[in-house]
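The values are calculated or read from the model by the stated rules, or taken from the named source; none is laboratory data. Everything numeric here is computed off the predicted structure, so don't read it as measured data. Every residue, glycine among them, receives a Cβ derived from its backbone with ideal geometry; neighbour counts consider all protein chains shown. Accessible surface areas use protein heavy atoms only, side chains included; no ligands, DNA or RNA. Shrake-Rupley method; radii C 1.70, N 1.55, O 1.52, S 1.80 Å.
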Amino acid sequence: MSDIDLALRERFGLPAFHPWQREAIDELLEGRRKVLVIAPTGGGKSLCYQLPAAVLDGTSIVISPLIALMEDQVRALTERGIAATYLASTLDAEERQRREREIFEGRYQLVYVAPERLESPWLVERLAKLQPPLLAIDEAHCISQWGHDFRPSYLRLGEVIERLRPARLIACTATATPIVRREIQARLSLGSEQSAVILRGFSRPNLHLAVVESDSSTERRKLMLSALRSALGEPVSPLGGAIVYAATRRNTEKLADVLGKEGWRVAPYHAGLAASVREGVNRRFADRSLDVVVATNAFGMGIDRADLRTVIHAQAPGSVEAYYQEVGRAGRDGQPAHGLLLTSSGDLGLRRRLIGFSGGRDPGGSPDPEHVQQQWRLFLDLMRYVEAGSCRHDFILRYFGDEQETLGGCGHCDVCERLEERGEEGTARGASEEEALAVRKALAGVARNQGRAGLTAVSEMLHGTDNERLRRLGLTELTTHGLLKGHPKAWVLALLRRLITAGLVDLTTSEFPIPYLTALGVATMKDEEPVRVLVPAPDAGRARSAKKERTRPARELPENVDSSLFESLRSTRLDIARAKGVPAYVICHDRTLLEIAAYKPTSIEALADIFGMGPARIENYGEPFLDTVNAHAP
Ligand code: ADP
Ligand code: ZN
C-alpha cells in the first residue's frame, strides 16, 4: 500500500479515494504540481490539500475566506494528530502573536490564513521563509468579479503566490461556470497547459430532469401539482420533502396558498420575511413538520434534508448554475428524484426586470451595465437549456466543462425519453431516420461553409435562400445550398442552434462567430455516431405551447444502486474509453452502469440481462466490468 493510501486510512479514517481525488493528489505530488479542482460542495475537495499537506515535509498554507470553516477543519485535523492552526482577524493580538511565533518555528504542517491577513507584506515575507511545500486556495471563485462571492482581498493572491513561491499550488471551488473558471486560471496562473484541471462530480444520475414550456398558467399549476403528487404521494403521508422555487416573493406566497389548499403542509420562504419566521420554516422543514417549501433563491443554504424527492421551478431561475444548485438539492440520498422546470415566455421579460432592478447593482451603487449584460447572458444560457434538443444531463455537464462525464444520453431525462420513443425499436436511442437525415444535412452545410459566414447565413443557405449577400459569400454555389428547402428558415436556424447546444457544432470566438463542426459533429455527419438530437417542432420560431408528451410519467431507474460501485464502474469505463481513444458514451450508457451497480452481476450470463449489454459489448468490455463488480464485493 502506498504512503498516500496509508495516510488516507490511518490519518483520515477513510476507506478509499473518490477516483478524481486520487488524480488531483497524484498531479499535485508527482505530476504538474499545479492543480485546479472543481467539484460540488461536499464533494470532498479539502482532502485534496489536507492529505498532501499531511505527508509533505514543511508547513503548507491554506487560504480560506470562511473563518468558521477554518476553525472546524483545524479542530478536526488536530484531533487526527495533524498539527494545524489558523490566522484570522478574529483572534486577539496576543493569541495571534503566539500562533505566529509557533508557525515561524515550523511547528505546523498546515496553517490556514484568511486572505485579509495576507495584505500584510510582513506576514507574507515570514511565511515565504518557510518555503511552503504547498499552497492551497479554497473557494477560489472569490477571485472572480463575475462570481457571487467576490472578495477584493482575493485579487492580490496572484502577487502573494509570486512571493511565497510554493512548490505546489492547488485551487478549489464548487463554481464551475466557464467564465469564472477562466478568471481563476488567469489570475492564479493555472492555465490548462502548465496545470491540471480536474472537474468532476457534477453528474447526478439519480436525478430525472424535465422541462415544460407552457404559456397557460392553469396548465403550469396543474403540472406542479401532479409532479408533487407523483414524487411525494398523498399529502397525508408524503414520502419525503419538496421545494418549489419561484422567482418573486409574491409568487411564493401565492403558490404556497394554492398548495396549502391541496392539503400539503407548506410554507413560503423569502428574504422579505422576518428572520424568526425564516428560521421557523427552516426548522420545521428539517424536522419534517413541513413537507413543501415554496421559496425564492434565498432558500437553500441551510437545507440539510437528503430526502427531497423533487425540486420544481415554477419559473425559470437566473442561470444554469443556479438551476443546477437548486435542483441538485433533490435526491441527496441517492434515491430517484425529479427536477421539473416550468417556464413560460413571460419569464424572459420578468428576468430582464429582475436583473435591471437588483442583479445589476453593485452593493449600494447604481446598475453596472457590464454586470447586467453578464447576468443576461447567463440567463440566455439557461434558455438554451430549456430549448435543448439533447440530453439535459449532458447539456449541464458540457456547460460546466465536465466533458469526461458526458454520456451522449443519460437515458432518463425528458429529451432522452422522447428520443428513445422516436428511435427504432431495439436500436441505440436516436432520432427517427428522417430527422437524423435532416441533422446530417445541416451538419454537412456547416462543414461546407468552411469559415465563410455566420449561423444565420448558413441557415439561409441550407433553406435555399437566393440573394445578393449569399451570392457574394459564395453560399449559393455550394452543393449544400437548399439541402433543407422543405423547411422554414426559422426552423433551420432553430435546428442549427440545437446542434450547438448538443455539442455537434461550435462557434469561433472571433468578433463574427463562425460555426464549425466539433469532433462529435464530424463523426455524426459521417454516420459513425447516431444522431442524438431532437429536431425542433415544425412550428419552431412561433409561440411555443406545452407539449403534452413531456408530462407522461418517467420510467424509473433501478433502486438500490450502489453509488460507490457506480463510481468505480464509471472510472473503469473511462479507462477503457481512454485506452481506445473514444468518448465514454461509446463504451456504454450511464443506465447500463446504474443497472450493473444495482444488480451486481458476477457472471457473463447475468451481465447479458443488463440494459444495453449486447453480445459485442460483453465480448469487448464484459470482463473489466465484472472485475470491477468482484473487486467491489464487501
Ligand atoms: P468540499 O470541500 O468539496 O465541500 P469536504 O472536503 O468538506 O467537501 O468533504 C465533505 C465530506 O466528504 C467530509 O465529511 C469528508 O470527510 C467526506 N469525504 C471526503 N472524501 C471522502 C472519501 N474519499 N470517501 C468518503 N468520504 C469522503
Ligand atoms: Zn438524458
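So what are the ³J(HN,Hα) numbers for the stretch 233-240, from phi and the Karplus equation (6.51, -1.76, 1.60; θ = phi - 60°), rounded to whole Hz, Gly and Pro as x?
Couplings: x, 6, x, 6, 9, x, 8, x Hz.
Whole-Hz Karplus ³J(HN,Hα) for the stretch 166-173, in order, using 6.51 cos²θ - 1.76 cosθ + 1.60 and θ = phi - 60°, x for Gly and Pro?
So the J values, rounded to whole Hz, are x, 6, 9, 9, 10, 10, 10, 7.
Using the beta-carbon distance between LEU350 and SER230 and R0 = 25 Å, what value does 1/(1 + (r/R0)^6) give for FRET efficiency, to the nearest 0.05?
Once the sixth-power term is evaluated, E becomes 0.40.
Can you tell me which of 282-291, 134-143 comes out highest on packing, and rank the rest after it, using the mean Cβ neighbours within 10 Å?
134-143, 282-291
For the chain, what does -39500 (n - 2.57) per DSSP helix run (n ≥ 4), summed and divided by total residues, give at 222 nm, in deg cm²/dmol to the nearest 500?
It lands at -13500 deg cm²/dmol.
How would you classify the stretch 433-525 from its alpha-carbon gyration tensor, with a ≥ b ≥ c the square roots of the eigenvalues: rounded for a/c under 1.5, else prolate if a/b is greater than b/c, otherwise oblate?
The shape class here is oblate.
Normalised by the number of residues in the stretch 33-153, what is the relative contact order in percent for Cα pairs under 8 Å and 6+ residues apart?
Normalised by residue count, the contact order of the stretch 33-153 is 34 percent.
Can you spot the lysines whose alpha carbon is less than 18 Å from LYS526's alpha carbon? Ignore those fewer than 8 places along the same chain.
LYS441
Got the relative contact order for the chain handy, in percent, Cα pairs under 8 Å and 6 or more residues apart?
11
Quick one: which residues, 5 or more positions from VAL244 or on another chain, have an amide H under 5 Å from its amide H? H modelled 1.01 Å from N in the peptide plane, none for Pro or chain starts.
Sorted by chain and number, the residues that satisfy this are VAL293, VAL294, ALA295, ILE312.
Just tell me which lysines come within less than 20 Å, Cα to Cα, of LYS45; anything on the same chain fewer than 8 places away is out.
Of all the lysines, those that pass the test against LYS45 - Cα under 20 Å, at least 8 places apart if same chain - are LYS34.
Using the Karplus curve 6.51 cos²θ - 1.76 cosθ + 1.60 with θ = phi - 60°, work out ³J(HN,Hα) for each residue of the stretch 105-111 in order, rounded to whole Hz, and write x for Gly and Pro.
After applying 6.51 cos²θ - 1.76 cosθ + 1.60, I find 6, x, 7, 10, 8, 9, 10 Hz.
Could you pull out every residue, at least 5 positions away or on a different chain, whose amide H is within less than 5 Å of the one on SER60? Hs are placed 1.01 Å off N in the peptide plane, and Pro or chain starts have none.
For SER60, the qualifying residues are LEU110, VAL111.
For a bin width of 20 Å, list the pair-distance distribution of the chain built from all Cα-Cα distances, rounded to whole %.
Taking all Cα pairs of the chain, the binned fractions are 17, 48, 32, 4, 0 percent.
Using amide H atoms built in the peptide plane, which far-off residues or other-chain residues are under 5 Å from LEU341 H to H?
Under 5 Å from the amide H of LEU341 lie the amide H atoms of ALA210, VAL211, VAL212, HIS313, each far enough along the sequence or on another chain.
Can you tell me, using C-alpha contacts under 8 Å and at least 6 residues apart, the relative contact order of the stretch 207-422 as a whole percent?
Relative CO of the stretch 207-422 lands at 24 percent.
Fully extended, how many nm does the chain gain between ALA167 and THR41 (0.36 nm per residue separation, minus their Cα-Cα distance)?
42.7 nm
Tell me, in nm to one decimal, what length is gained between GLU403 and ASP609 on full extension, where the rule is 0.36 nm per residue of separation less the Cα-Cα distance?
So the chain would gain 71.3 nm between GLU403 and ASP609.
Per-residue accessible area for ILE355 at 1.4 Å probe radius, Å² rounded to 10?
Around 10 Å² of this residue is reachable by solvent.
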